[in-house]
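Derivation of every value follows stated rules applied to the coordinates shown; laboratory data play no part. Everything quoted here is computed from the prediction, not taken from an experiment. Reconstructed Cβ throughout: ideal geometry from the backbone, glycine too, with neighbour counts over all protein chains shown.
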Amino acid sequence: MGQMRGIYVAVKALIIRDGKILIIKRSSKEDVYKNEWDLPGGKLKFGENPVNGLKREVFEETGLNIKIVKPISVWTFFKNSGKTQVIGITFLAKVISGKIRLGKEHTDFKWILPEEIDKYKIHEEIKKLIKSLKNDDSITF
């Protein structure tokens, strides 16, 4: 028997409101990136449409209802000592309704200006993505 390997798809939302981006802080109980800042989102369920899955995850994690604008990034990483590959898609999104109400996986949230991203402990790929969007004329903050 070889080692079991797995693959799953994750979706994240870069939510922009009034020129600011929503970041949320992972709790110390998370399996990766403990106590680090992140974008809302999570793992898709089998058979789930990525847009619907992202709307569900964002609502569970933040209490916000969002509108998906467009996909803006595809990424991957490995966890479980390299046995699990996560393939991710980040979507640009806007808030439709709701007030922030964090789920149990997160301990804090902030609306930040894109240029403030370096002040936060957040994955380098997210930092790069946010910085690259400042030069994208099709995205307004």
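Structural remarks
- Electrostatic dipole magnitude of the chain [Cβ: Lys, Arg +1; Asp, Glu -1; Cα centre; debye, to 20]: 260 debye
- Helix axis angle, 50-62 relative to the chain longest principal axis, alpha carbon, degrees: 70 degrees
- Panel order for Val58, Val9, by other beta carbons found within 10 Å of each beta carbon, from fewest to most: Val9, Val58.
- The chain: C-alpha pair distances exceeding 25 Å, %: 24 percent
- Degrees between helix 124-133 axis and first principal axis of the chain (Cα, 0 to 90, nearest 10): 40 degrees
- Nitroxide proxy distance, nm - points 7 Å out along Cα→Cβ at Ser97 and Lys83: 4.4 nm
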